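Trainee: For reference, the structure I am asking about is given below.
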Amino acid sequence: MQRVFSGIQPTGIPTLGNYLGAIRNWVTLQDGHECVFCLVDLHAITVWQDPEALRTQTRQQAAVLLASGIDPVRHVLFNQSAVSAHARLAWIFNCVARLGWLNRMTQFKDKAGKDRENHSAGLYVYPNLMAADIMAYKATRVPVGDDQRQHIELANDIAKKFNHDYGVEFFPEIEAFVPPEAARVMSLRDGTKKMSKSDPSEQSRIEMTDEADAIALKIRRAKTDPEPLPSETDGLEGRPEARNLVGLYAALADLTPQQVLDRHGGEGFGPFKQALTDVLVDRVEPIAKETSRLLADPGHLENVLRGGAQRASTIASPIVDEAERLVGFLR
Ligand code: TYM
């Protein structure tokens, strides 16, 4: 059975982007795969996190994942810092990856902007830790949104270089698993920017803890243009907000964008937004309600993560022990 690994940063409440781009696939891949899902708190601190907020957000994310249908009994759910194998392998990968490779990472450039000198060294080597996350389990399938593709390619380059340098076939090739629709959900306020849990504007995103009223309001306020919806997908060219809303509807209703336009082409945004709100509420509200039920018992959430960490460690420790032996570390 193939092993799946994926992660999410506990830096806020998961958004509809996280859900449609990744979490929904995590849930479906649970049938027929052995899955390891991780709240990547080591990645989170590559930018400043208030300690109490980090703890709260880690519990919140665990709750959203469970409410979305992650099964912590058949599969493994834990937080990254509780399994030391990640940091151990990341150090080795820091010494395998080349600076030139990291210099090409667009996410670092986007996050650091012009003020490169003032960002943490951790943010720069972030992709090496991500490669270690996956390779510590010798996972082969990685369900992610479109923005993580470049990191997955880098993980393959690192694994290949490790295998080559040490003359072994130790780490496998990995494959990104990106959904056909909504692989890149955009902000509701600006169709050219990614929907993000850390965007300062709450109106820019649907959070997976939003209830019907909040969803309706955010969709009503979502930026659009004055034209009605086109009847062909070509007509979405140059209309990023319209494209995004049609893409969201398609992903939520399991349709293609063309099928959405077959139904709604020629409509103004008023009725279309109402239809979109209906499908969104159907999908998000049950998750929001279950999340708030689970959050009432933080002790249970922490137990789930602790149990997950023990099982994760049982898989990853022997793999990282062997990587260290290959490198030449005495034990
Ligand atoms: P993070 O926390 O930014 O996002 C978690 C997952 O959600 C996807 N995603 C989106 N998909 C579609 N539209 C969006 N607007 C959107 N925003 C986020 C992301 O692609 C991701 O799949 N580096 C990762 C976490 C990570 C990881 C890993 C992932 C650490 N180690 C190992 C896979 C394997 C990140 O920051 O995700």
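Trainee: Given only helices, namely DSSP H runs of n ≥ 4 each adding -39500 (n - 2.57), what is the per-residue ellipticity at 222 nm of the chain, to the nearest 500 deg cm²/dmol?
Mentor: Helix contribution divided over all residues of the chain: -16500 deg cm²/dmol.
Trainee: If you don't mind, another one. What nm distance separates the two modelled labels at Asp157 and Gln310, each placed 7 Å from Cα along Cα→Cβ?
Mentor: The answer from the label model is 4.1 nm.
Trainee: Something else: How far apart, in nm, are the 7 Å Cα→Cβ label points at Glu324 and Gln274?
Mentor: Distance between the two pseudo-spin positions: 6.3 nm.
Trainee: Something else now. Along each principal axis of its Cα atoms, how long is the stretch 247-331 end to end? Whole angstroms, biggest number first, please.
Mentor: Sorted from largest, the Cα extents of the stretch 247-331 read 70, 37, 15 Å.
Trainee: I need the chymotrypsin sites (Phe, Trp or Tyr not before Pro) found in the stretch 29-106, filtered to DSSP loop residues with at most 11 other beta carbons within 10 Å of theirs.
Mentor: Filter output for the stretch 29-106: Trp48.
Trainee: While we're on this one: Name the helices (complete DSSP H segments) of the chain with a Cα length along the long axis of 30 Å or more and a Kyte-Doolittle mean of at least 0.0, or state none.
Mentor: Flagged H segments are 269-295.
Trainee: Still on this structure, I have one more. Of the beta bridges DSSP finds with both residues in the chain, what % are antiparallel, to the nearest 5?
Mentor: The antiparallel fraction comes to roughly 10 percent.
Trainee: Taking 0.36 nm per intervening residue step and subtracting the Cα-Cα distance, what contour gain separates Asp282 from Asp225 on full extension?
Mentor: Difference between extended and current length: 17.9 nm.
Trainee: Right, another one. Between Glu232 and Glu267, take the C-beta separation as r, use R0 = 25 Å, and let me know the FRET efficiency to the nearest 0.05.
Mentor: The pair Glu232/Glu267 has a calculated efficiency of 0.95.
Trainee: With r as the distance between the Cβ atoms of Trp101 and Val168 and R0 = 22 Å, compute the FRET efficiency 1/(1 + (r/R0)^6) and round to 0.05.
Mentor: Once the sixth-power term is evaluated, E becomes 0.60.
Trainee: Along Cα→Cβ, 7 Å out, is where each label goes; now give me the distance between the ones at Leu123 and Ser292 in nm to one decimal.
Mentor: 3.5
Trainee: Please report how far the C-alpha centroid of the stretch 252-287 lies from that of the stretch 26-94, rounded to the nearest whole angstrom.
Mentor: Cα centres, the stretch 252-287 to the stretch 26-94: 31 Å.
Trainee: Go through the stretch 70-82 residue by residue and turn each phi into a ³J(HN,Hα) via Karplus (6.51, -1.76, 1.60, θ = phi - 60°); whole Hz please, and just put x for glycine and proline.
Mentor: 6, 9, x, 8, 7, 10, 10, 10, 7, 9, 3, 5, 7
Trainee: Quickly rank 147-159, 165-177, 281-293 as a protection proxy: mean count of other C-beta atoms within 10 Å, highest first.
Mentor: In descending order of packing, they fall as 147-159, 281-293, 165-177.
Trainee: Given 0.36 nm per residue, what is the gain on full extension from Ser201 to Val47 after removing their alpha carbon distance, in nm?
Mentor: Gain in length upon complete extension: 53.6 nm.
Readers should treat all values here as calculations from the given coordinates under stated rules, not as data from a laboratory. Keep in mind that this is a model prediction, so the values were computed, not measured. As a convention, Cβ positions derive from the backbone with ideal geometry for all residues, glycine included, and neighbour counts pool all protein chains shown.
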